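The structure appears below as structure tokens.
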Amino acid sequence: MTNPLYDALYAPLAGQGRGLMYLPGGGVLSADDFHAMVARAAGALVAAGLQPGDRVAVQVPKSAHALALIGGAIARGVVFLPLNTAYTADEISYFIRDAGARLLIADPARADALAPVVRAAGAGLLTLGATGAGSFADAMAAAPAAHPVARAADDLAGLLYTSGTTGRSKGAMLTQDNLLSNAQLLARAWRFGPDDVLLHALPVFHTHGLFVATNTVLLSGGAMILHPGFDLDAVIAALPRATAMMGVPTFYTRLLADPRLTRDLVAHMRLFTSGSAPLLAETHAEFAARTGHAILERYGMTETNMNTSNPYDGDRRPGTVGPPLPGVEVIVTDPETGTELPRGKTGMIEVRGPNVFVGYWNMREKTAEELRANGFFITGDLGRFDDDGYLHIVGRAKDLIISGGYNVYPKEVELLLDDAPGVLESAVVGVPHPDFGEAVLAVIVPADGAAPDAGALETLLQGRIARYKQPKSYEFLPALPRNTMGKVQKADLRARFSRRFTGE
Ligand code: MCA
Ligand code: AMP
């Protein structure tokens, strides 16, 4: 009986007394204790009636219990669907229904708000809090440990939703091998081993914190200092005990803004990586000057895990995401014809390899549009290779805003704004922001004679979409700029309001 992902990440932890997770309250969880927690989480999923192939939706605060729950799902072949803790009940309702999830495990603090949508979707509801309280934790304590079930490399492990250009989120189906092959690649490429202690301050509901950070450490026998989120003081206090940190660019700009970031503070560190959003070359340079560390930037997506990485040994070039990882093919194609372009030319980035997902859940047409029959996935990112084979991401063909590493699809926000009383139409764009890289700005065209105010629009969006998707500023214009084809010129709007948050 094999379960490749479980066998590689969790089975080896059994019987190891070494510290695996350094917890927020000061406790330490040994590898063996965590292994036992995974077995009990598996038992609790069995007790809840979940079978291999069933989907479990998870919206819980970051904790060792949350990671054990993911491990338990992998052990039992239950497909896990991690959800951003910022999502509203409206948003959660869509995910549970679309995925046909049998169970939602949520923060006890949100149980009352979520119960109606869970009931309406015909799913069950259990709770799991940050400190291991809640009905799922109780079930873990009561349930006998459950053994792992057999899985094949191409069986589904996770269903991760990414926002869609049409406003509807798409569930990316990730197999055991998608996750395992990428963890193996990254552990090798970034030299992770038993002596590593990863400062883990990323959320565990997206690829970056869940797979890139957690799986790489689990696989390589290292340890992690678990932080519930990015708290600057806590991160600075923990850096002297860590050997590696993975972050989004906001982590690095916040650290640089603090005089406590010095060469001495990070003397014990061997690696800083960045991804999920572009790292400004100036941030890279400033960090190197202050600490002596060249941040290693890499490029990935929910659908593909990690595709390219600057080298561990060798030149880590600011403003580039490095060459393709071993075994991952990356090409640049003509966006119109799909033909491969020669090195140096800018076009659509396409990716093929064991890391690439197998399709969008219940969206055959959407899958066929983005995943070619020959296995190449059309990323929606625009880039070019330089003479040394380093990939430069130069922009996005997809209408996507990345704010602090979170994706916001303008259409989702525009559809809600367009429906608001007094609004004729709207355009949502991302503009530079000193903390989040990009921030959401809404441009509103009032209906004849109407004068909607920003406060009313803010109220309308409350509870509908997650806070980070809500515009941080509103502009009112008599009309949107359009080209001769009638298409809204978002580049014009971005240029016009580019200094809204930077105040330059
Ligand atoms: C929080 N807020 C935000 C964001 N985060 N607004 C815009 N963009 C954000 N990213 C808002 C909250 O709604 C709140 O607003 C206020 O800021 C403070 O919230 P808080 O939670 O205290 O913020 P924080 O703890 O300072 O969080 C900022 C953060 C966090 C540390 C940058 O967003 C974060 O951890 N981002 C990482 C995202 C990530 O892991 N992405 C990976 C995706 P108000 O006060 O008005 O209520 S995976 C991926 O992209 C691919 C695969 C890849 O390549 O990795
Ligand atoms: P997600 O849909 O959350 O998986 O986000 C994936 C997107 O994040 C990619 O398609 C890119 O647009 C962006 N991204 C990830 N890493 C980087 C990076 N290092 N530089 C620029 N963009 C990035």
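The values are calculated or read from the model by the stated rules, or taken from the named source; none is laboratory data. Remember, it's a predicted structure, so these values are computed and weren't measured experimentally. Using ideal geometry, Cβ is built from the backbone for each residue, glycine included, and neighbour counts are taken over all protein chains shown.
Brief remarks follow.
- Taken together, the residues in the stretch 456-476 that are part of a loop (DSSP other than H, G, I, E, B) and loosely packed, with under 15 Cβ neighbours inside 10 Å amount to 2.
- Test for ALA289: is it exposed (fewer than 15 other Cβ atoms within 10 Å of the Cβ) and either within 12 Å of ligand 2 (Cβ to nearest atom) or modelled with pLDDT under 95 (or both): no
- Which numbered condition ASP313 fails, given (1) within 14 Å of ligand 2 (Cβ to nearest atom); (2) modelled with pLDDT of 95 or more: (1)
- Residues in the stretch 354-381 that are under 23 Å from ASN310 (Cα atoms) and under 20 Å from the mean Cα position of the chain (by Cα): PRO354, ASN355, VAL356, PHE357, PHE377, ILE378, THR379, GLY380, ASP381.
- Complete set of residues in the stretch 169-187 that are among the basic types (Lys, Arg) and without any contact (Cβ under 8 Å) to a residue 40 or more places away in the chain: none
- Enumeration of residues in the stretch 371-402 that are among the small types (Gly, Ala, Ser), surrounded by fewer than 21 Cβ atoms within 10 Å (Cβ to Cβ) and not in a loop (DSSP other than H, G, I, E, B): GLY380, GLY395
- Check on GLY221, touching a helix residue (DSSP H, G or I) at 6+ places or on another chain (Cβ under 6 Å) and away from ligand 1 (no atom under 16 Å from the Cβ): no
- Neighbours by Cβ (under 6 Å, 6+ apart or cross-chain): first from the stretch 289-309, more than 25 Å from LEU180 (Cα to Cα); second modelled with pLDDT of 95 or more and assigned to a strand (DSSP E or B): HIS293/PHE272
- Search result, residues across the stretch 440-455 that are of a type in the set (Gly, Ala, Ser) and either within 16 Å of ligand 2 (Cβ to nearest atom) or assigned to a loop (DSSP other than H, G, I, E, B) (or both): ALA447, GLY449, ALA450, ALA451
- Any hit, the stretch 244-252, residues being more than 16 Å from ligand 2 (Cβ to nearest atom) and surrounded by fewer than 23 Cβ atoms within 10 Å (Cβ to Cβ): no
- Figure legend. Inter-residue proximity from the stretch 42-55: first residues touching a residue at least 60 places away in the same chain (Cβ under 8 Å) and more than 19 Å from ALA142 (Cα to Cα), second residues basic (Lys, Arg) and assigned to a loop (DSSP other than H, G, I, E, B), beta-carbon distance below 7 Å, spacing 6+ or different chains. Indicated pairs: ARG55/ARG102.
- Remark: pairs (first residue in the stretch 255-281, at positive phi and in contact (Cβ under 8 Å) with a residue 60 or more places away in the chain; second residue within 14 Å of ligand 1 (Cβ to nearest atom) and assigned to a loop (DSSP other than H, G, I, E, B); Cβ separation under 6 Å; 6+ apart in sequence or on different chains) = SER276/VAL248; SER276/GLY405.
- On inspection, VAL235 fails the criterion of being assigned to a helix (DSSP H, G or I), at pLDDT 95 or above and either over 21 Å from GLY26 (Cα atoms) or within 16 Å of ligand 2 (Cβ to nearest atom) (or both).
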